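Enquirer: The following block contains the structure, expressed as structure tokens.
Just so it is clear, none of the values below were taken in a lab; they were calculated from the coordinates. Keep in mind that this is a model prediction, so the values were computed, not measured. Don't worry about glycine lacking a Cβ; one is built from the backbone with ideal geometry, like all the others, and counts go over all protein chains shown.
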């Protein structure tokens, strides 16, 4: 913890830290023990000059501007590193301090371009500000011999420049990279006037380990590190606080504009999820919102063979309503449906599911969460009683043992990964369960105690073996189990069976029994133990079983209901949690209440003034099957490219082609739009007004930076379609939609735009019992009453390697890209990942005659695609890996129809494939063949 920030005040209702009273420039102030003098001064209204200090970095004391005098003490200590003491009398402004500060500032300026003091065009420059604060009027030292003043600017990074001539070597960028991001990509080379910031041996940022998170840019006190957008457009003049539209971390940003033009996104230091940090996507990759590829006018065509024609909004909405009614009249009320998007706001999602239920007259509504985290919803509801993760992100700071299963946080959830790495550097132990050697296994100052390289598809066998060790070695928290849980004895009898032992499962999983036993013991006995998981858990034929298995393990060891523990799904998209919360599944109304519950359904019927069906509707896979059968004919697709993101692409596109009406509401003409009859322009996050809900259940406001470029908000369009179909549905503002959600959904009863604007964000449940939200779930009891243990038998996937398809393909994400890439491919992020590649182990490559960079064909029993090979030992022998960000690759052409037994979540992570050379090798670099590419 930085001494610049206030210490933890403890849990409300419990004794906090001791306080200290002192005087700063004669002003009395009382602060918690451990507070820095600088912080105490700030609280008393005194700002002490500083350069090396920020409120996000550990106290450093190198700039010597924040010196103070303390009565009774010799010298002039740095206020940022000096803790307060009771009765202390501090003086921040004396003639001696003024002279010292002026001398220090002269040294800085003597090594800095003269024009930086007079040229406001240099943007944010704390050095310029501080020179005025300390009263510097002239510099006595010359500038001769300062070689770095002639240094060339490094423009290699697509988003920011590094002008070494302006660098004062304050180390803030280096410390931000180390302490905030945890990448350790920067260092200080040389001494004295020869010292400089270096991004590594390549001397260019793009050649270094830099991940372009922007922490260094944010920390820089001069114009040394500066966004290209600021250089091009000038300094912003106004700010709008909003929420990132990428992953499930849900970072808060200040969108800074000059007039109506967005200049930059600055991470908001009071953001509950990110606390001032960011990643390359949220910080810089916003250009897609104004990309020329965006479609801004509605379009219609009678057949997918026809050309698109632009129409006005009234024509488009009337056309959709008329065609939907025609389909229903011919094929029945259940022949149409809708798919909601996890990239849209809660309010936009809510009105789509309401349109389907009230205007379409059925429950044929599903969401893209079907293909990622639906097993989370099912598994956690069965065991805990609610379909959401248990902790807030801050909780990881209290974890002693961190288990990462089927997730790659540094690539997919980088801002949370930085929190996690900080805790690991402080001494927490790490267990990684993943076939692939993700970065967390071994990175600067972080190394996993255990990396269990399980065979894809054997997650349940591994978690059962973990639990077997806990039960048979008497490592259970029996008091927690007896007090808080039920059906333990039946589960314990099942889990103690010999077939669940690490020795019995070793042949199935490939994980050595001794390694698994050691990891299980660490989890059970190492203190607070937290599980964080991703799509490597859910996207399996036993995804729901695995979620219940992890919940069983947490309950058996008592690792639930307090800081530092829990079961934590790392949601993939920005509003996966929210789209599920809003009732997007065909069997559930908002708040995860079953459609067959008469009392719940009646509540909605009374407010909506429309009879609702009690029977669940069609899931996405059922819609596709019914389309091919001829009984499902019309589909409204909100912001989701199902033709690229869903498995078995040929099956999906055949189903889309079989429909009479496909309506796509999106930003760009994507792969799904190739099969659409109507295209309705959507809005980017910069135009949205509403809320997103992140992976920790945090409800964040999304505020519009600009009006909708198409002239309409997405929720307005949906309401107008419903009205054109004969159902009255209208609102004047998204706050009214949230008010309706709160009126109908107990977990949201206390949520309103006014509360969110006041508090910043809240985590549901937010109601009379928890008016300011619930950071930690299941503290005194589970939502369902008692936690329920559920037996989790391992059932092998049907997808096996064969002689024809001897390899297993698994898929994942990369830091610079996002999902199907519709957004990030239209930004400079393509500089880091211009194409999807296939990672293959050196042994598997060698036996196939594959060299690094060769074009290879990836084939499964349902399809094939081509990629370039990247030889790497990150994958075990027999397993290959790729991402799915580029439609030209179409990785889901090869994934199969296999899915989770409970939720139909596709089994993306296990596909039997063969890999072979597409053409004979002619251009590969022979030098790359000698040593496999291991440093990726």
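Enquirer: If packing is taken as the average count of other Cβ atoms within 10 Å, what order do 47-54, 416-423, 791-798 fall into, highest mean first?
Expert: 416-423, 47-54, 791-798
Enquirer: With label points built 7 Å along Cα→Cβ from the Cα atoms of residue 611 and residue 901, find their separation and express it in nm.
Expert: If labels sit at residue 611 and residue 901, their model points lie 3.8 nm apart.
Enquirer: Based on the Cβ-Cβ distance of residue 514 and residue 269, what FRET efficiency does E = 1/(1 + (r/R0)^6) give at R0 = 35 Å, to the nearest 0.05?
Expert: Given R0 = 35 Å and the Cβ-Cβ separation, E is 0.15.
Enquirer: While we're on this one: How much length would be gained if the chain were fully extended between residue 322 and residue 228, taking 0.36 nm per residue of separation minus their Cα-Cα distance, in nm to one decimal?
Expert: Length gained between residue 322 and residue 228: 29.0 nm.
Enquirer: Sort 818-826, 876-884 by the packing proxy (mean of other Cβ within 10 Å over each peptide's residues), most packed first.
Expert: 818-826, 876-884
Enquirer: Which label belongs to the value computed from this structure, given these candidates for Rg and Dmax of the Cα atoms in Å: (i) 64.8, 231; (ii) 28.9, 92; (iii) 32.6, 113?
Expert: So the calculated entry is the one marked (ii).
Enquirer: Which value in nm describes the separation of the simple spin-label points at residue 479 and residue 235, placed 7 Å from the Cα toward the beta carbon?
Expert: For the pair residue 479/residue 235, the computed spacing is 5.9 nm.
Enquirer: Could you tell me the distance between the Cα centroids of the range 558-603 and the range 323-373, to the nearest Å?
Expert: If we compute the Cα centre of each part, the gap is 18 Å.
Enquirer: Can you order the peptides 151-161, 865-875 by their average number of other Cβ atoms within 10 Å per residue, highest first?
Expert: Per-residue mean Cβ counts within 10 Å order the peptides as 865-875, 151-161.
Enquirer: Can you give the helix-only mean residue ellipticity at 222 nm for the chain, where every DSSP H stretch with n ≥ 4 adds -39500 (n - 2.57) and the sum goes over all residues, rounded to the nearest 500 deg cm²/dmol?
Expert: Helix-only estimate at 222 nm: -7500 deg cm²/dmol.
Enquirer: A follow-up question, please. Relative to the longest principal axis of the C-alpha atoms of the chain, give the angle of the C-alpha long axis of helix 543-556, reported between 0 and 90° and rounded to the nearest 10°.
Expert: 50
Enquirer: Now a separate question. Any idea how far the Cα center of the range 27-97 sits from the one of the range 616-681, in Å?
Expert: 62
Enquirer: Same structure, new question: Which percent, nearest 5, of DSSP beta bridges in the chain are antiparallel?
Expert: 55
Enquirer: To continue, here is another question. Using Cα atoms only, what is the angle between the long axis of helix 734-744 and the major principal axis of the chain, expressed in degrees (0 to 90) to the nearest 10?
Expert: 60
Enquirer: Against the longest alpha carbon principal axis of the chain, how many degrees, from 0 to 90 and to the nearest 10, is the axis of helix 414-425 turned?
Expert: Between the helix axis and the principal axis of the chain, the angle is about 60 degrees.
Enquirer: Below 8 Å, C-alpha to C-alpha, sequence gap of six or more: please give me the relative contact order for the chain in percent.
Expert: 12
Enquirer: While we're looking at this one, here's another question. What is the percent of Cα-Cα separations in the range 19-93 that go past 13 Å?
Expert: Across the range 19-93, Cα pairs with separations above 13 Å total 59 percent.
Enquirer: Quick one: check the C-alpha center-to-center distance for the range 165-230 versus the range 380-432, whole angstrom.
Expert: 28
Enquirer: How much length, in nm to one decimal, is gained on full extension between residue 587 and residue 487, taken as 0.36 nm per residue of separation minus their Cα-Cα distance?
Expert: Contour length minus Cα-Cα distance gives 33.4 nm.
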